[in-house]
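What follows is a single structure, written as structure tokens, with notes after it.
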Amino acid sequence: MPSVLTIDSLRKTYGDTVAVDDLFLTVQAGEVFGLIGPNGAGKTTTVECALGLRRPDAGTVRVLGMDPQAGGAELYRRVGAQLQDAALPDRLTVREALDLFASFYPATTDRDALLARWGLADKRDTAFEALSGGQKQRLFVALALVHDPELVVLDEISTGLDPEARRATRTLIRNIQEQGTTVVLVTHFMDEAEALCDRVALLNQGRCVALDAPSALVDRLDTSYRVQFALPSSFDPAPLRALDGVHAVEAFDGTVAVRGGDDLLTTVVRHLSEREVTPRDLHAERATLEDVFLALTDETASARASAPSSPETISHA
């Protein structure tokens, strides 16, 4: 499939702070592509460079084949964005905001249908200052989609939304993709990225430390399964650490958590049976994207802390 966004050797600094460091990414047409990572990882700077809002210090960015620094009106007719720090005048109504943004483009989608889709139909005459945080967030998404773009960037779309609204937003993002729009989703909600994204790039300290489908990233973990059970009285969990396929054992708050590979559940149950221990509340679960996130960010931080001060070279996912 053709790429709609290509980032090659991107670097962006702010004074002595390196926000993005030698970053390579390619987003394919039609996918939901996630950018995840801790605060300060370079996610927002990356999308701002892609949208032409920041000028890279080095490297190249191409959006729909265009340089975002030179694409001008042609670029913005084909790209939409909901940015994390967006704001509107307090007294501007929802309807007025949508009409204003629609006036920027030669062709737009059905505005009433757009408001209905994003749960704002009954707020069309409400001033921006009177909207809740979640309603403001949904309005910014509607504004990003008013011209039916080929690519839309959604930066922390679920911030400020309650759990029910977050679930509804997931459905709407899938609908956006089904209509043929490519989505770049910046999020710190790992469950959201895992549920929605075809691929995710994990950024840490300005670099891409992993890039793949969420399920593939989970499969790479050595500790891809977890078994937990209530800690029986006088039970010593230490012998579990010596079992084949067990990589870590933790005991906390009256619970034992064992991490390991594919046969972990069988291994743990057999061990408990041999010791004539009947565990309470035993359950097994697969690792999640959050486990990948924690493992890789900890690993990168440890590597940076132990590395010499001279420039380093790493491979790119």
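The values are calculated or read from the model by the stated rules, or taken from the named source; none is laboratory data. Note that this is a predicted model, so its numbers are computed, not measured. Ideal geometry is used to build each Cβ from the backbone, glycine not excepted, and the neighbour counts take in all protein chains shown.
Can you tell me which residues in the stretch 54-80 are among the hydrophobic types (A, V, I, L, M, F, W, C) and at pLDDT 95 or above? Within the stretch 54-80, Ala58, Val61, Val63, Leu64, Met66, Val79 qualify. Going through (1) touching a residue at least 24 places away in the same chain (Cβ under 8 Å); (2) farther than 21 Å from Leu98 by Cα one by one, Gly134 falls short only on (2).
Please note which strands (runs of 3 or more DSSP E) are completely contained in the stretch 196-277 and include at least 2 residues that are farther than 30 Å from Phe24 by Cα, β-branched (Val, Ile, Thr) and under 34 Å from the mean Cα position of the chain (by Cα).
Values: elements: 199-204, 207-212, 225-230, 246-252, 255-260.
In the stretch 196-277, 246-252, 255-260 are the strands (runs of 3 or more DSSP E) which contain 2 or more residues that are farther than 30 Å from Phe24 by Cα, β-branched (Val, Ile, Thr) and under 34 Å from the mean Cα position of the chain (by Cα).
For the stretch 167-184, the criterion of a residue being in contact with a helix residue (DSSP H, G or I) (Cβ under 6 Å, 6 or more places away or on another chain), of a type in the set (A, V, I, L, M) and not in a strand (DSSP E or B) is satisfied by at least one position. Taken together, the residues in the stretch 107-142 that are outside any loop (DSSP other than H, G, I, E, B) and among the aromatic types (Phe, Trp, Tyr) amount to 2. Filtered by the rule that a residue be touching a helix residue (DSSP H, G or I) at 6+ places or on another chain (Cβ under 7 Å) and surrounded by 22 or more Cβ atoms within 10 Å (Cβ to Cβ), the stretch 20-45 gives Val20, Leu23, Val32, Gly34, Leu35, Ile36, Gly37. Of the residues making up the stretch 1-39, those that are in a loop (DSSP other than H, G, I, E, B), under 14 Å from the mean Cα position of the chain (by Cα) and more than 19 Å from Gly65 (Cβ to Cβ) number 3.
Matching residues to (1) of a type outside the set (Phe, Trp, Tyr); (2) closer than 27 Å to Thr17 by Cα; (3) surrounded by fewer than 19 Cβ atoms within 10 Å (Cβ to Cβ):
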{"site": "Glu164", "(1), (2), (3)": "yes, no, yes"}
{"site": "Arg167", "(1), (2), (3)": "yes, no, yes"}
{"site": "Asn175", "(1), (2), (3)": "yes, no, yes"}
{"site": "Leu196", "(1), (2), (3)": "yes, no, no"}
{"site": "Ala201", "(1), (2), (3)": "yes, yes, no"}
{"site": "Cys208", "(1), (2), (3)": "yes, yes, no"}
{"site": "Ala213", "(1), (2), (3)": "yes, no, yes"}
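Count of the stretch 40-77 residues, restricted to those that are outside any loop (DSSP other than H, G, I, E, B) and touching a Lys or Arg at 6+ places or on another chain (Cβ under 7 Å), is 5.
Restricted to the stretch 247-266, and to residues there that are out of contact with any helix residue (DSSP H, G or I) (no Cβ under 6 Å at 6 or more places or on another chain) and crowded, with 19+ Cβ neighbours inside 10 Å, the residue that is farthest from Arg286 (Cα to Cα) is Val256.
In the set Glu192, Glu150, which member is farther than 16 Å from Val4 by Cα and either touching a residue at least 24 places away in the same chain (Cβ under 8 Å) or crowded, with 19+ Cβ neighbours inside 10 Å (or both)?
On the way: Glu150 fails: farther than 16 Å from Val4 by Cα.
Step by step, each of Glu192, Glu150 is checked, and only Glu192 is farther than 16 Å from Val4 by Cα and either touching a residue at least 24 places away in the same chain (Cβ under 8 Å) or crowded, with 19+ Cβ neighbours inside 10 Å (or both).
Residues of the stretch 214-233 include none that is within 21 Å of Pro149 (Cβ to Cβ) and among the small types (Gly, Ala, Ser).
Restricting to the stretch 81-97, name every residue that is surrounded by 19 or more Cβ atoms within 10 Å (Cβ to Cβ) and either under 13 Å from Leu139 (Cβ atoms) or outside the structural domain of Gly133 (by TED's automatic domain parsing) (or both). It would help to see each step written out before you state the result.
So the first thing to find is which residues in the stretch 81-97 are surrounded by 19 or more Cβ atoms within 10 Å (Cβ to Cβ), and the list is 81-82, 88, 94, 97.
Correct list: Gln82, Leu88, Val94, Ala97.
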